[in-house]
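Here the structure comes first, spelled out in structure tokens, and everything after it is commentary.
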Amino acid sequence: MNVQLSIEDVAPPTINAADEVVVKVGAAGLCRTDLHIIEGVWKDIMDVEGSLLPYIMGHENAGWVEDVGSNVKSVKPGDAVIVHPHRSCGICLNCRYGHDMYCDHGQFPGLGLDGGFAEYFLTNESSLIKLNTNVTPLDVAPMADAGITAYRAAKRAAGLVYPGAYVTVLGVGGLGHIAIQCLKHLCGARVIAVDREPGAQALARDLGADVVLDGGPDLIEQIKDITSGGSQVVIDFVGELGVENICWKLLRQGGELIVVGYGGQIEVPTVELVVNEIKIGGSLVGDYTELVELMELNADGLVKMHYTEYSLDNINTAIDDFKNRKFTGRGVIVP
Ligand SMILES: [Zn+2]
Ligand SMILES: [Zn+2]
């Protein structure tokens, strides 16, 4: 399917509630989820209200506060901010436990309602994190989703490994390249990065991956060989295109697969789960506090987003380049 996005003049968003904030967009990351929205994958997965286009996509946003509702206290116009992608309510029990992504009343601008591929977009105070003074919105916008999603998975992996163990990262795109950096700073495990693209392989090497593989037909044997039996953790940032049928076979006994990329279907014989005691689980974006932690790593220069900048007028070119993997890291849209 080749849907072209159109650029239209629309009225800027206005504040309708006391906790709302209008953000002047500095940059917005282009995500595989945006491609999946265009492809219609989301309407098949879940009944996201308004999941059918048209609306303004863009959920990896950073910029400057433009206008604030009457109750907003923590930010003021002009502040540079990154925007947690889920507008959580802060009141429900899930929010009180810190599970922002489980919020009973959450909204996801850019997915079903207007997001950040625009000059301005609307969110609420509780989703905002002020940027450190040495950081610009362009430097970090995709951290809002790609970044925390990778960080959350890497943090979970870090808790499952020990020095000498291996974590395998499948896919070194916008998320995978962040996960490699996070893993190198969160734990002593060795990182195996897998990607077919030479540019992504080079980036993985630059970022400190201990082993870089091209994902050829002998991947399973290669990894079993390198790790003496299998990887302790596999993080699958692809989740489709056949990778979903290989990822769990890379684990050693007692290993854990963390599924982040999506679109395909995993089929695992139950006997494999039992005999090898492997665990398989998904990882959904990340909590507000995880974005805070990631921004601290970024401010200290330990985790950086590699990106290619596109103007909003060129968003269809950016999408084509993304599909054809013409850039490494993330594509970022600047209005
Ligand atoms: Zn995203
Ligand atoms: Zn809530």
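The table that follows gives values for the structure above.
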quantity	calculated
Subset of segment 229-259 [under 19 Å from the mean Cα position of the chain (by Cα) and of a type in the set (G, A, S)]	G239
Matching residues, segment 301-335, being within 13 Å of D139 (Cα to Cα) and free of Cβ contacts under 8 Å to residues at least 12 places away in the same chain	G301
Near pairs, Cβ below 6 angstrom, 6+ apart or cross-chain, from segment 18-31 (part of a loop (DSSP other than H, G, I, E, B)) to any residue that is hydroxyl-bearing (S, T, Y) and surrounded by fewer than 23 Cβ atoms within 10 Å (Cβ to Cβ)	A18/S70
Checking L183 against (1) free of Cβ contacts under 8 Å to residues at least 60 places away in the same chain; (2) farther than 15 Å from L302 by Cβ; (3) buried (at least 24 other Cβ atoms within 10 Å of the Cβ), the condition it does not meet	(2)
Any chance H185 is within 19 Å of E290 (Cα to Cα), in contact with a helix residue (DSSP H, G or I) (Cβ under 6 Å, 6 or more places away or on another chain), more than 16 Å from ligand 2 (Cβ to nearest atom) and not aromatic (F, W, Y)	no
Tally, over segment 81-117, of residues that are within 21 Å of Y55 (Cα to Cα) and within 16 Å of ligand 1 (Cβ to nearest atom)	17
Identity of the residue in segment 264-286, surrounded by fewer than 17 Cβ atoms within 10 Å (Cβ to Cβ) and within 15 Å of the chain's Cα centre (by Cα), that ends up nearest to A144 (Cα to Cα)	L284
Members of segment 146-166 that are surrounded by fewer than 24 Cβ atoms within 10 Å (Cβ to Cβ) and either within 14 Å of ligand 1 (Cβ to nearest atom) or at pLDDT below 95 (or both)	Y162, P163, G164
Residues that are within 17 Å of E290 (Cβ to Cβ), in a loop (DSSP other than H, G, I, E, B) and within 8 Å of ligand 2 (Cβ to nearest atom), drawn from segment 52-107	S88, G90, C103, G106
Cross-chain or 6+ apart pairs with Cβ under 8 Å, segment 109-126 first and within 20 Å of D19 (Cα to Cα), then acidic (D, E) and assigned to a strand (DSSP E or B)	Y120/E66; L122/E20; T123/E20; N124/E20; E125/E20
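The values are calculated or read from the model by the stated rules, or taken from the named source; none is laboratory data. Source: prediction; values computed, not measured. Virtual Cβ from ideal backbone geometry, glycine too; neighbours counted across all protein chains shown.
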